[in-house]
Amino acid sequence: MPDLDLNLLVALDALLEEGSVTGAAERLHTSAPAMSRTLGRLRRVLGDPLLVRAGRGLVPTPRAVELRSEVRALVSRGQALLIPPAATEPAELNRRFTLRTGDVLLTTIGAALLAAVRAQAPTVTLRFLGDDLEGTSAMRDGLIDLEVGVTDHLDPETRTEPLATTRLVGIARTGHPLANGAPPSAEEFAAADHLTVSRHGRGLGQVDQRLAQLGLARRVVASVPSYPAALFLLRDTELVGLAPARLGTPAAEALGLATFPLPVELPEVVLSMAWHPRNDQDAGHRWLRDLVRGVVTSPTGPPRPLPARTRPDPARPVPRPALTAH
């Protein structure tokens with residue numbers, strides 16, 4: 001195969017992910033004219049324009065969209081194959097990790113995780129993605145390196161490690177009748193006007209099932225797609241919302257919001273991190289998992305960490321937590 005040039009795969013991956021000749025050139029530390037010539041080669045090899053002009057930017061063709069996940073997976077596997085198994089010092093890492101996490105968790109651990117990365121590995125870049133790829137094969141295809149949060153939608157081979165548990169509390173503006181210090185009754189809670197957070201606009205959940213068992217129903221007057229948007233609406237209205245205890249409250253407290261216990265019992269939420277087995281032995285990925293574990297289970301992170309036997313003792317080495325496959 002004399003014409004096989006695997007560097008074209010790397011270039012194609014960068015072009016499809018960046019959607020820009022200039023961005024792909026910067027990512028691969030080359031010049032824009034050189035990347036433009038490479039795009040020309042790719043167009044000739046694949047018989048497709050791949051990226052076409054749309055205003056000031058470029059948009060992928062249907063063929064490019066079809067190739068994107070497969071190319072990303074091939075490049076990711078190739079990189080994993082060539083990474084030496086020996087331990088790597090964090091300060092020597094020059095990589096980008098893609099993490100999927102919800103905005104509630106990101107508002108709590110994002111700053112601490114970035115600070116830890118900057119302190120230990122200043123040339124590492126973190127890219128946070130939201131829930132748009134949830135339920136897809138993004139992790140299997142190499143589009144996501146690590147998922148942190150509620151991991152109940154994963155492929156069977158995915159590795160998971162529980163980190164902590166949290167419970168839901170009510171949240172409202174300071175001075176709201178339900179946030180006056182005394183736990184509200186189920187009737188008082190149901191009678192309030194409620195705000196929900198749902199990327200798909202869903203208004204009902206487990207709290208509604210519990211209220212229904214008591215013969216009650218709450219009135220959801222609005223739904224928003226993100227937690228930060230909900231916080232500002234709760235601050236400026238009489239609406240009531242839900243938030244994970246401590247996990248979702250730092251941002252709420254910064255806006256002057258108050259929390260209160262719910263009058264119905266709800267299952268606790270388990271926070272985990274998940275990754276594809278191809279990254280088990282990758283030294284850089286292990287370092288990232290250790291960092292995330294430390295941030296999430298720190299005193300300023302989510303409440304009620306799991307028993308100490310599941311977390312590394314900073315004073316001495318201990319066996320790694322058991323992995324499970326979903």
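The values are calculated or read from the model by the stated rules, or taken from the named source; none is laboratory data. This structure is a prediction, so every number in the text was calculated from the model and none was measured. Cβ coordinates were reconstructed from backbone atoms using ideal geometry, including for glycine residues, and neighbour counts include every protein chain displayed. The accessibility values were calculated without ligands, DNA or RNA, using every heavy atom of the protein model including side chains. Shrake-Rupley method; radii C 1.70, N 1.55, O 1.52, S 1.80 Å.
Key figures for this structure:
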quantity: Segment 152-192: mean projected area of Cα convex hull, nm²; calculated: 5.2
quantity: Full-stretch length increase - residue 187, residue 80 - with 0.36 nm per residue and alpha-carbon distance subtracted; calculated: 32.9 nm
quantity: Quarter of the Cα convex hull surface for segment 125-263, i.e. its orientation-mean projected area (nm²); calculated: 9.9
quantity: Prolate/oblate/rounded label for segment 95-167 (Cα gyration tensor, a/c 1.5); calculated: oblate
quantity: Hz values of 3J(HN,Hα) by residue in segment 92-107 - Karplus curve (6.51, -1.76, 1.60), Gly and Pro given as x; calculated: 9, 6, 9, 9, 10, 10, 9, 10, 10, 7, x, 5, 5, 5, 5, 5
quantity: Rounded if a/c under 1.5, otherwise prolate or oblate - segment 48-183, Cα gyration tensor axes; calculated: prolate
quantity: Contact order normalised by residue count of segment 29-145, Cα under 8 Å, 6+ apart, percent; calculated: 27
quantity: Computed E for residue 6/residue 123 - FRET, C-beta separation, R0 35 angstrom, nearest 0.05; calculated: 0.90
quantity: Contour excess over end-to-end distance, with Cα ends at residue 61 and residue 157 and 0.36 nm allotted per residue; calculated: 31.4 nm
quantity: GluC sites (Glu not before Pro) restricted to DSSP loop in segment 210-282 with at most 12 other C-beta within 10 Å; calculated: 265
quantity: Heavy-atom accessible surface of segment 145-258: percent carbon and sulfur, 1.4 Å; calculated: 54
quantity: Nitroxide proxy distance, nm - points 7 Å out along Cα→Cβ at residue 213 and residue 238; calculated: 3.0
quantity: Mean projected area (nm²) of the alpha-carbon convex hull when segment 185-255 is viewed from all directions; calculated: 4.8
quantity: Cleavage-rule hits (trypsin sites (Lys or Arg not before Pro)) in segment 187-259: DSSP loop, at most 13 neighbouring Cβ within 10 angstrom; calculated: 202
quantity: Estimated inter-spin distance, residue 286 and residue 34, nm [label 7 Å along Cα→Cβ]; calculated: 3.4
quantity: Per residue accessible area of segment 1-107, 1.4 Å probe, in Å²; calculated: 60
quantity: Reduced Cα scattering model of segment 1-128, Debye log10 I(q)/I(0), q = 0.16, 0.21 Å⁻¹; calculated: -0.96, -1.27
